[in-house]
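A short reminder: the numbers here are calculations on the coordinates, not readings from a lab. These figures come from a predicted structure and were not determined experimentally. So basically every Cβ, Gly included, is an ideal-geometry build from the backbone, and we count neighbours across all protein chains shown.
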Amino acid sequence: MKRNIVLCLSLALCLLAAGCGGQSAPTADAVDLADRLSTQIQFEDTLSPLEGDMLYTLYGIDQKDVQQGAAYVSTGATAEEIAVFSCTDDSAAQRVESALKQRVDSQKQSYVDYVPKEMTKLNDAVLIRRGNLVALCISNDNATAKQLIQG
């Protein structure tokens, strides 16, 4: 009798532990994706990482909307840029996507007279939202950017 109780309790414990081990959807690593974009795409300009508050200030993004983010920006000689954000939820991802669209629009206004040849990159900027991940890549290699972002 004692053995049956121990066996039943052990079985119940195993079932409870298995129920708690459900897998959630994998979250994309924004920093890793930004790093891969920066190393696997040939950029004309030198890109430097944005650090600290500048990451959020440049794009007008609320830090509360982001779990993880990374960005690389050019020297200003080109419009080349990478920004990847893993957002807290769907609404946050929508806000971040909107902010990145505004960034591209702002860059278009800046470069149209400053360096007109950069307009090709800006007009064809890769901006992809995949779940709560939002990624922007401005380069001459959109095929590679799309492939890396879409996984």
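Please list, by residue number, every one of the GluC sites (Glu not before Pro) in region 43-151 that is coil in DSSP and has at most 11 other beta-carbon atoms within 10 Å. Show your work: numbers first, answer last.
Values: sites: Glu44, Glu51, Glu80, Glu81, Glu97, Glu118; in loops: Glu44, Glu51, Glu80.
Sparse-neighbourhood loop GluC sites (Glu not before Pro): Glu51.
I need Ile61, Ile128, Ile82 ordered by Cβ neighbour count within 10 Å, fewest first.
Details: Ile61 23, Ile128 17, Ile82 27.
Ordered from fewest to most neighbouring Cβ atoms within 10 Å, Ile61, Ile128, Ile82 come out as Ile128, Ile61, Ile82.
Please list the non-local residues whose amide H lies under 5 Å from the amide H of Gln67, H modeled 1.01 Å from N, same-chain partners needing a gap of 5 or more.
Result for Gln67 returns Ser86, Cys87, Thr88.
Suppose every K and R has +1 on its Cβ and every D and E has -1 on its Cβ; what is the size of the dipole of region 26-150 about the Cα centre, in Debye to the nearest 20? Present the calculation step by step, with values, prior to reporting the outcome.
Working: 11 positive and 19 negative charges, 62 e Å.
With Lys and Arg at +1 and Asp and Glu at -1, about 300 debye.
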